[in-house]
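The values are calculated or read from the model by the stated rules, or taken from the named source; none is laboratory data. All figures in this text were calculated on a predicted structure; none of them were measured in a lab. A quick note on method: Cβ atoms are made from the backbone with ideal geometry, for glycine too, and the neighbour counts reach across all protein chains shown. These accessible areas exclude ligands, DNA and RNA; they are computed on the full protein's heavy atoms, side chains included. Shrake-Rupley method; radii C 1.70, N 1.55, O 1.52, S 1.80 Å.
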Amino acid sequence: MSKPSYESEIRNFYTEMELEPETVERLLDAIPFAAAAKRWKRIAIAASIGLAAMLLLTVSLLLSSFKSESRQISPVDHRETDSEQSAVIPDVKKSVSAQSVQPEKQPLASPVEYRLVAFRSHNNQCPHCRATGQVFRELTESLDEPTIETQEFDLSDPAARAETQQRIEEWKLNPIIDGRSETAFIALTDANGRMIQEFKPSQGTGGIAKQIRKILDR
């Protein structure tokens with residue numbers, strides 16, 4: 001006895017359900033389309049699996065290629081890079097240090113408040129002029145006051161007379177020597193040339209220095 005065909009089984013199944021013959025025929029006509037759709041579905045699933053496998057393989061190949069390139073970097077390149085960096089870093093430090101080092105500010109000089117001056121009308125052959133010059137030099141060395149400016153004017157030197165007279169005018173000292181009969185004297189003036197006190201060399205270096213310091217302490 002032969003085995004019934006797949007189509008006859010389907011026909012008998014739907015005939016037993018008491019369907020109309022036309023409906024059974026339409027169902028049988030749709031069977032090839034359903035079988036083809038099922039076959040194409042299996043093909044699509046298989047193709048999707050194949051594409052996924054190819055994608056994974058491609059990604060793994062790219063990763064392995066990247067790792068191999070990283071291993072091939074030569075240590076010499078690193079050394080050259082480090083040497084180049086070390087060659088640049090000192091220059092940067094030098095430039096930074098050059099910018100950060102500022103020249104030291106010089107302390108401002110104390111303003112001149114007083115002037116200690118000596119006038120000599122004759123050279124050292126005159127005892128009074130010689131004593132005036134000696135006492136004045138001793139005062140200059142012993143006082144050492146930053147607020148006192150000192151200057152000796154030798155009126156007996158004809159070669160330097162023009163320069164001496166110009167300096168007297170700059171210090172505004174003409175009023176204290178005009179019409180004087182003394183050949184030599186020492187004077188303490190303010191910065192504008194006004195007389196504060198006059199000293200004779202006979203008062204001695206110590207006595208004159210003591211009087212000057214007393215004036216400065218006022």
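So that you can scan it fast, the table gives a plain yes or no per residue for (1) closer than 21 Å to residue 210 by Cβ; (2) among the acidic types (Asp, Glu); (3) in contact with a Ser or Thr (Cβ under 7 Å, 6 or more places away or on another chain); (4) outside the structural domain of residue 184 (by the TED database):
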{"position": "135", "(1), (2), (3), (4)": "yes, no, yes, no"}
{"position": "141", "(1), (2), (3), (4)": "yes, yes, no, no"}
{"position": "144", "(1), (2), (3), (4)": "yes, yes, no, no"}
{"position": "147", "(1), (2), (3), (4)": "yes, no, yes, no"}
{"position": "151", "(1), (2), (3), (4)": "no, no, no, no"}
{"position": "158", "(1), (2), (3), (4)": "no, no, no, no"}
{"position": "163", "(1), (2), (3), (4)": "no, yes, no, no"}
{"position": "166", "(1), (2), (3), (4)": "no, no, no, no"}
Those residues of region 131-145 which are closer than 14 Å to residue 200 by Cβ and open to solvent by 80 Å² or more (accessible area, probe 1.4 Å), in sequence order: 134
Of all strands (runs of 3 or more DSSP E) fully inside region 146-218, the set with 2 or more residues that are open to solvent by 60 Å² or more (accessible area, probe 1.4 Å) and among the hydrophobic types (A, V, I, L, M, F, W, C) is 195-199
In the set 47, 98, the lone residue that is open to solvent by less than 100 Å² (accessible area, probe 1.4 Å), modelled with pLDDT under 60 and farther than 30 Å from residue 8 by Cβ is 98
Name the single residue that is nearest to residue 119 (Cα to Cα) among those in region 148-165 being of a type outside the set (D, E, K, R) and in contact with a strand residue (DSSP E or B) (Cβ under 6 Å, 6 or more places away or on another chain). 153
Among (1) free of Cβ contacts under 8 Å to residues at least 40 places away in the same chain; (2) part of a helix (DSSP H, G or I), residue 124 falls short only on (2)
